[in-house]
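Taking it in order: structure first as structure tokens, then the write-up.
The values are calculated or read from the model by the stated rules, or taken from the named source; none is laboratory data. Keep in mind it's a predicted model, so treat the numbers as computed, not measured. Every residue, glycine as well, gets a Cβ built from its backbone with ideal geometry; the counts of neighbours run over all protein chains shown. Just so you know, the surface numbers come from the protein's heavy atoms only, side chains and all, with ligands and any DNA or RNA stripped out. Shrake-Rupley method; radii C 1.70, N 1.55, O 1.52, S 1.80 Å.
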Amino acid sequence: MSSAQPQSGKEPNVATTERVFRTEKVTKVYHTGSVDVHALRGVTADLYAGEFTVLLGASGSGKSTLLNILGGLDHASSGRVWFRDLELTGLGERGLTRYRRDHVGFVFQFYNIVPSLTARENVALVTEIAEDPMTPEEALERAGLSHRMDHFPAELSGGEQQRVAIARAIAKRPEVLLCDEPTGALDSMTGVQVLEALEGVNRELGTSTIVITHNAGIQAMAHRVIRFADGNISEVTQNETRVSPSEIVW
Ligand SMILES: Nc1ncnc2c1ncn2[C@@H]1O[C@H](COP(=O)(O)OP(=O)(O)OP(=O)(O)O)[C@@H](O)[C@H]1O
């Protein structure tokens, strides 16, 4: 498991070999009216347990489509997808719902937290129904928000609201954390705090973390970087060293 701690300066990357996801020739075609959109054109990929993986690529290249299929939010049109030994492409809706509930945390660009509930109450929505959750307090602390637990979303900055969303996503101790543009709506300072929260979760809990971003600077904190072009993977690279979020050039 990777546990290099990029606190300051460059830290060596530690390779892992245990796969958390595997995809084989995955395609996704959206039928919209008379037009077929080929969002994925045969993606074969390995994603590794415990890693912080960054997905980069032009708008429309298929990143979100793949993330949604990995997260059990959408179905592939063809090909196969495994989460460890569980073949997601063999599951029906009920199986996918159970898979998402048991194993996956999601963080999206817009935080989707409940405005009428405090940070603590937003996280408690999850901890009340999860099987072996951490307390809302622990989740918020891990997201760097212990000083704002009883604030309402309107009293929090965008970065703080996103960290409530991160606390909510990690509270059930998911094995994977899937993040679609988690800093897309944030300026550099609050964005860095969100990345620090994600990096801490990945390092301390070993949560396999996959982050889609348009900010190429963020790739420097990844163990592995997967580039997309035209519905396929164009390049996979491993960083020899990783930098801390505070050193990312925005
Ligand atoms: N629900 C949908 N119905 C029809 N077409 C879709 C749908 N979702 C995505 N697409 C199309 O599939 C292609 C891939 O989209 P996707 O969102 O996966 O790309 P992306 O790389 O994540 O882009 P972005 O960086 O802009 O989010 C695009 O052409 C997009 O317009």
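Under the convention that each Lys and Arg Cβ holds +1 and each Asp and Glu Cβ holds -1, the size of the dipole of the chain around its Cα centre is about 560 debye. All Cα-Cα separations within segment 174-243 were binned at 5 Å from zero, giving a P(r) of 4, 14, 25, 28, 18, 9, 1, 0, each value a whole percent of the pairs. Using θ = phi - 60° in the Karplus curve 6.51 cos²θ - 1.76 cosθ + 1.60, the 3J(HN,Hα) couplings for segment 75-80 round to 9, 6, 6, 7, x, 10 Hz; x is entered for Gly and Pro. The charge dipole of segment 36-158, taken about its Cα centre with unit charges on the Cβ atoms of Lys, Arg (+1), Asp and Glu (-1) only, comes to about 420 debye.
Considering every Cα-Cα pair within segment 204-250, what fraction, in whole percent, is farther apart than 15 Å? For segment 204-250, the share of Cα pairs beyond 15 Å comes to 52 percent.
In this structure, the amide hydrogen of residue 105, modeled 1.01 Å from its nitrogen in the peptide plane, lies closer than 5 angstrom to those of 176, 177, 178, counting only residues at least 5 positions away or on a different chain. Among the trypsin sites (Lys or Arg not before Pro) in segment 61-159, those placed in a DSSP loop whose Cβ has at most 14 other Cβ atoms within 10 Å are 84. Using θ = phi - 60° in the Karplus curve 6.51 cos²θ - 1.76 cosθ + 1.60, the 3J(HN,Hα) couplings for segment 102-114 round to 7, 10, 10, x, 10, 10, 10, 4, 9, 5, 6, 9, 7 Hz; x is entered for Gly and Pro.
Placing +1 on the Cβ of each Lys and Arg and -1 on the Cβ of each Asp and Glu in the chain, which of 99, 228, 214 has its Cα farthest towards the positive end of the resulting dipole? Working it through, the farthest residue towards the positive pole turns out to be 228.
Multiplying the residue separation of residue 230 and residue 125 by 0.36 nm and subtracting their alpha-carbon distance yields 33.9 nm. On the accessible surface of the chain, probed at 1.4 Å, how many percent belong to carbon and sulfur atoms? Carbon and sulfur: 48 percent of the exposed surface of the chain. Within segment 41-132, the GluC sites (Glu not before Pro) that combine a DSSP coil assignment with at most 12 other C-beta atoms in a 10 angstrom radius are 128, 131. By a 1.4 Å probe calculation restricted to protein chains, residue 48 has an accessible surface near 40 Å², given to the nearest 10.
When the chain is treated as a Gaussian network with alpha carbon springs shorter than 10 Å, the biggest mean-square fluctuation among 26, 194, 114 belongs to 114. Taking 221, 189, 134 as the candidate residues, the one with maximal mean-square fluctuation in a Gaussian network model of the chain, Cα springs under 10 Å, is 189. Averaging the sequence gap over all C-alpha pairs within less than 8 Å and six or more residues apart, then dividing by the number of residues, gives segment 127-250 a relative contact order of 22 percent.
Sparse packing (at most 16 other Cβ atoms within 10 Å of the Cβ) combined with a DSSP loop state is found for the following GluC sites (Glu not before Pro) in segment 179-250: 240.
From the P(r) of the chain, can you give the percent of Cα pairs sitting at distances over 30 Å? Tail fraction, whole percent: 24.
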